[in-house]
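Student: What follows is a single structure, and I will ask about it in a moment.
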Amino acid sequence: MAAFQERVFSGVQPTGNLHLGNYLGAIKRFVELQDRYECIYCVVDLHAITQPVSVWGGPKELASNIREVTAAFIACGIDPKAHIVFNQSQVHEHAELAWIFNCIARMGWLNRMTQFKEKAGKDRENASVGLYAYPCLMAADILAYRATHVPVGEDQKQHLELTRDIAQKFNNDFAERIAELGYTDGFFPLTEPLISGPATRVMSLRDGTKKMSKSDPSDYSRINLTDDADAIAQKFRKAKTDPHPLPADEKELEKRPEAENLVGIYAALADKTPADVLREFGGAQFSTFKNALVDLSVAKLGPIGGEMKRLAQDPGYIDGVLADGAGRAQVIAAPVLQAVKDIVGFVRR
Ligand code: TYM
């Protein structure tokens, strides 16, 4: 069997408050890739429960957040008929492959994961075992489809490197058996991360050195996808800036994190580069630039928020999309898992 079929996979956690970072760093890119690749987009509900219940809100909130992320995918322009949209827990192959990867990944690898350190905080003894093993489940998500490309924001880079390490170690540990079964390029592809563009790391509107995040206690730190025009305007107008006009030169921007963030957001929303934006606004006061940013954001995000609200009225439709997607995902994942079991040496029925 020769080279791997090109396939995109990515996931978003249903932990509430989808924000502009999720949109520009991930979902907008998911939409763009649909023309070129076969795409699989997953609402990773098994990942959501790695955090304490207080973070994901409990069973009713989880179900409603799963539907909300699905609605966001569709509202942003993902076509669930041409591609696959589903929630992770409906395809048990993810959890099963993750167990096998728990036995491939080394403690030393997981000990280096910065996201675990951030999320576990000081009280590491009290973090769930699931939070620690999180990257193995993420590798399973991707490799259950032998996906070749994964669009994500910058914060997921280390997890994707681990996914490649797991794929490589599996290919090496079972090299002989894999070749015997006729796979000439190893069994798993070494997945390529797709991290590019001006908004791979959207920062908090309150502090240009902190990532925009669902868990920031201040709602003014982020633009939520469901924010209305007034909220968007208010949040950008209150966004932290420095006292100088916008520079004309990109080099200058690097020293001014808040300005760099707002210019990056504008560029990503307008499908331009930061240099284009500076050509237009270099020398302008922030008040002028913020007005343009508000207008652009409302024009781009308003219809998405509106469509999400409309879809929220129709949970039956959303559940149908997820069930249909899960069925089609399983058609791909089940034979991959069976081949993995054959490679490892488990006896079949
Ligand atoms: P999650 O749910 O935290 O975030 C979803 C996507 O949004 C991106 N993102 C950002 N991009 C730019 N700026 C920001 N401030 C920002 N905040 C979030 C994330 O990089 C991500 O692409 N572990 C993943 C979910 C996952 C996954 C997977 C991703 C599970 N399995 C398999 C890819 C492939 C996560 O927690 O994303």
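The values are calculated or read from the model by the stated rules, or taken from the named source; none is laboratory data. Values in this document were obtained by computation on a predicted structure and should not be read as measured data. With ideal geometry, Cβ positions are generated from the backbone for all residues, glycine too; neighbour counts draw on all protein chains shown.
Student: Of the conditions (1) in contact (Cβ under 8 Å) with a residue 24 or more places away in the chain; (2) surrounded by fewer than 18 Cβ atoms within 10 Å (Cβ to Cβ); (3) of a type in the set (S, T, N, Q), residue 50 fails just one. Which one is it?
Tutor: (2)
Student: Can you give me the number of residues within segment 205-217 that are buried (at least 22 other Cβ atoms within 10 Å of the Cβ) and either near the ligand (Cβ under 9 Å from one of its atoms) or not in a loop (DSSP other than H, G, I, E, B) (or both)?
Tutor: 1
Student: With respect to residue 231, is the statement that it is over 19 Å from residue 202 (Cβ atoms) and surrounded by fewer than 20 Cβ atoms within 10 Å (Cβ to Cβ) true?
Tutor: no
Student: When segment 191-247 is examined, which residues are found to be free of Cβ contacts under 8 Å to residues at least 24 places away in the same chain and of a type in the set (Phe, Trp, Tyr)?
Tutor: 220
Student: Output the residues belonging to segment 16-32 that are among the polar types (S, T, N, Q) and modelled with pLDDT of 95 or more.
Tutor: Selection gives 22 alone.
Student: Go through 33, 97 for me and flag whichever is within 13 Å of the ligand (Cβ to nearest atom), within 26 Å of residue 299 (Cα to Cα) and of a type in the set (A, V, I, L, M, F, W, C).
Tutor: 33
Student: Against the definition (farther than 22 Å from residue 15 by Cα and among the charged types (D, E, K, R)), how does residue 228 come out, yes or no?
Tutor: For residue 228, the condition - farther than 22 Å from residue 15 by Cα and among the charged types (D, E, K, R) - is not met.
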